[in-house]
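Worksheet: the structure to be examined is printed underneath.
The values are calculated or read from the model by the stated rules, or taken from the named source; none is laboratory data. Since the structure is predicted, the reported quantities are computational estimates derived from the model, not experimental observations. FYI the Cβ positions are ideal-geometry reconstructions off the backbone, even for glycines, and counts take in every protein chain you see.
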Amino acid sequence: MTTTIERTQPRSSVRRAAPWVAGAWALAFGALSALALLDRIPDPWAPEPASPLGGLSGTQMSWVVTVAALLVLGAGGWGAGSQERPAQRRAGRLLVAVGLVVALVVSDVRALSFLGYLPQTLLALVGIGPVAGHLNWGILIDSGTALAHAVGGLATVVAGVGLLERAEPGGRIDWGRWTRWGRPAVTVAVVVPLLYAVTRIAWAMGVPLGIRPEMLDELGSGRWAGFGLALFAVVGALLTWGLLARWGEVFWSWMPRLGGRPVPVAMALVPGILVAGAVTSAGLSFWRMVVTGDLWMVPGATSDWAAWAPEMLWPVWGAALAVACLAYLGRRTGPRG
């Protein structure tokens, strides 16, 4: 006999919160960008040369953010206030499109830097680690802003998906179609970050894998910052494997209070989708440098392939991780025998 196991509450909680997060992003950055265009304040967000929109000025970026914010607020209000399925569907698609632009293009490599260096930053605040006493607060604020754009954009995507679900008969989308891609997607999303991690771990151990010995010497103590990023990548790969493993669905029995209970779907999906967006945006930044001939900006330039080649695979990593998350969602919310 076939039974259906539904665990939709965590997903519903995220879906309910998403429009509010998207609206908060649109109001905050839309207002700041509008004030900048009126010359009341400096431009709140200027892309660095390596970002997907690195060719734009701060003023041009303020126009982009202002228009995106207006579209988010307009489409969100239109879809939420309409009872007609075609209108909800059009508003949902617009929100998904705008959200992807914000998360992948307005945001940039600095969002991933914030996530990757977060453990080291927290340790530095208490005087521990290779960056203790060397925190650059300007860089930290910029990377935090990039992360805010990533969160706002992805929340907009989720809000759009919520409208698309409302427009579907029965008020839900069948995510089960993605389950067939779960295993290959997880495999790719595990292998790519491990390729990056191998190079940085080798450097920390004094092995110039993919770079000249001279560059290894130039890195100095910076090798340990790369080692921290490598550990972050290894942990991420392990957690990604959990999208297929039993412990990704049910907490280990030895865990106090949680042992044997279902893992909340949102606990896997929210960080997974956030990292997927961040690594895709960062990967697009590296590809832009290749297309525009700006790869020289990366330490080691083209002569030290390990300094930039693993990052070229990051869009593949991000896409695979996103598909793996959708497959996990389909498996957790679909029918089971």
For this session: Just one of (1) under 21 Å from ASP108 (Cα atoms); (2) modelled with pLDDT under 90 trips up MET61, so point out which.
Result: (2)
Seminar exercise, completed: Log entry, pairs with first residue in the range 254-283 being of a type in the set (D, E, K, R), second being surrounded by 13 or more Cβ atoms within 10 Å (Cβ to Cβ), beta carbons closer than 6 Å, six or more apart or on different chains, reads ARG261/PHE251
For this session: Residues being free of Cβ contacts under 8 Å to residues at least 60 places away in the same chain, among the aromatic types (Phe, Trp, Tyr) and surrounded by fewer than 19 Cβ atoms within 10 Å (Cβ to Cβ): count how many of those fall in the range 199-247.
Result: 2
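May I ask you to list the residues in the range 178-198 that are crowded, with 21+ Cβ neighbours inside 10 Å and either in a loop (DSSP other than H, G, I, E, B) or among the hydrophobic types (A, V, I, L, M, F, W, C) (or both)?
Result: ALA185, VAL186, ALA189, VAL190, VAL192, ALA197.
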For this session: Mind counting the residues in the range 50-96 that are surrounded by fewer than 17 Cβ atoms within 10 Å (Cβ to Cβ), of a type in the set (A, V, I, L, M), touching a residue at least 12 places away in the same chain (Cβ under 8 Å) and within 23 Å of LEU37 (Cα to Cα)?
Result: 2
Problem set entry | Yes/no for GLU168 being in contact with a strand residue (DSSP E or B) (Cβ under 8 Å, 6 or more places away or on another chain) and either among the acidic types (Asp, Glu) or buried (at least 18 other Cβ atoms within 10 Å of the Cβ) (or both) | no
Exercise. If ALA150 satisfies every condition in (1) in the same structural domain as GLY23 (by TED's automatic domain parsing); (2) in a loop (DSSP other than H, G, I, E, B) but one, which is the exception?
Worked result: (2)
Exercise. When only residues in the range 12-49 that are without any contact (Cβ under 8 Å) to a residue 60 or more places away in the chain and among the polar types (S, T, N, Q) count, which is surrounded by the most Cβ atoms within 10 Å (Cβ to Cβ)?
Worked result: SER33
Exercise. What's the number of the condition GLY162 fails, among (1) in contact (Cβ under 8 Å) with a residue 12 or more places away in the chain; (2) within 28 Å of LEU56 (Cα to Cα)?
Worked result: (2)
Problem set entry | So VAL101, is it in a helix (DSSP H, G or I) and touching a residue at least 60 places away in the same chain (Cβ under 8 Å) | no
Exercise. Of VAL250, VAL316, which residue is surrounded by fewer than 18 Cβ atoms within 10 Å (Cβ to Cβ), β-branched (Val, Ile, Thr), more than 23 Å from ARG110 (Cα to Cα) and at pLDDT 90 or above?
Worked result: VAL250
Exercise. From the list VAL279, VAL234, which residue is farther than 24 Å from GLY176 by Cα, outside any loop (DSSP other than H, G, I, E, B), modelled with pLDDT of 95 or more and in contact with a Gly (Cβ under 6 Å, 6 or more places away or on another chain)?
Worked result: VAL279
For this session: Inspect the range 122-143 for any residue being touching a residue at least 24 places away in the same chain (Cβ under 8 Å), in a loop (DSSP other than H, G, I, E, B) and at positive phi and give the result as yes or no.
Result: yes
For this session: Quick one: LEU154 ticks every box in (1) touching a Leu at 6+ places or on another chain (Cβ under 8 Å); (2) at pLDDT below 95 except a single one, so which number is it?
Result: (2)
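Restricting to the range 97-130, give me the number of residues that are farther than 30 Å from LEU73 by Cα, surrounded by 20 or more Cβ atoms within 10 Å (Cβ to Cβ) and of a type in the set (Ser, Thr, Tyr).
1
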